[in-house]
Amino acid sequence: DKSVKVAGDVFTNDIIYYMRTQHNLYVGDRTAEKIKIQIGAATEDLDLPPEEMSVQGRDLLTGKPKQVQISYREIAKALDKSILRIEDSVMETLSQTPPELAADIYNTGIYLAGGGSMLRGLDKRLSQKTDLPVYIAEDPLRAVVRGTGITLKNLPKFKSVLIK
């Protein structure tokens, strides 16, 4: 019943801040988004790590265009605080879960939805934190909308879950 408000935009801003502070490189939203998609990771321990990426931006010291090579490990570090917030929120939610629902979660696992769920290694990292299986929903970008639609079509069936 709790949605964690650490969205992809937060990850994008984390990357912009990291590039600025660690590489003295100013990158825009589009470049940060591209970094997130191409080499973004929730952990430094990936089974199939992406290759390093060339990133262009403006050198904050000289004002000139500049290019640097970055690795997924750097991006995992850049996103770590936001991912810790997700972990904390998941653990807090689990601690407040009614017993019947806790049994369901234990048996079926946790499903991640939304664009942030596609971050490499997020499912593995949350599984290690919770000791539960964690899955990425089928078609994660549309999963929330589809679930809401199903719920609205079957409101009487879901009323007890939705309204306290």
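The values are calculated or read from the model by the stated rules, or taken from the named source; none is laboratory data. Being a predicted model, the structure only gives us computed values, none of them experimental. Counting neighbours? That spans all protein chains shown, and the Cβs are built from the backbone with ideal geometry, glycine included.
Overview of results
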quantity: Failed condition for Ala143, given (1) at pLDDT 90 or above; (2) closer than 26 Å to Ile35 by Cβ; (3) out of contact with any helix residue (DSSP H, G or I) (no Cβ under 6 Å at 6 or more places or on another chain); calculated: (1)
quantity: Lone qualifier among Tyr106, Tyr111 - being in contact (Cβ under 8 Å) with a residue 24 or more places away in the chain, over 14 Å from Ala42 (Cβ atoms) and surrounded by 17 or more Cβ atoms within 10 Å (Cβ to Cβ); calculated: Tyr111
quantity: Residue list for the range 84-98, filter: of a type in the set (A, V, I, L, M) and free of Cβ contacts under 8 Å to residues at least 60 places away in the same chain; calculated: Leu84, Met91, Leu94
quantity: Given (1) in contact (Cβ under 8 Å) with a residue 60 or more places away in the chain; (2) over 23 Å from Val144 (Cβ atoms); (3) among the polar types (S, T, N, Q), index of the condition Thr31 fails; calculated: (1)
quantity: Residue within the range 3-12 that is surrounded by 14 or more Cβ atoms within 10 Å (Cβ to Cβ) and over 19 Å from Pro140 (Cβ atoms) present; calculated: no
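Per-residue answers, yes or no, for (1) in a helix (DSSP H, G or I); (2) among the small types (Gly, Ala, Ser); (3) crowded, with 21+ Cβ neighbours inside 10 Å:
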| position | (1), (2), (3) |
| --- | --- |
| Asp45 | no, no, no |
| Glu51 | no, no, no |
| Gln69 | no, no, no |
| Ala78 | yes, yes, yes |
| Leu84 | yes, no, no |
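Every residue, every condition in (1) in contact with a Phe, Trp or Tyr (Cβ under 7 Å, 6 or more places away or on another chain); (2) hydrophobic (A, V, I, L, M, F, W, C), yes or no:
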residue	(1), (2)
Thr93	no, no
Tyr111	yes, no
Pro133	no, no
Ile136	no, yes
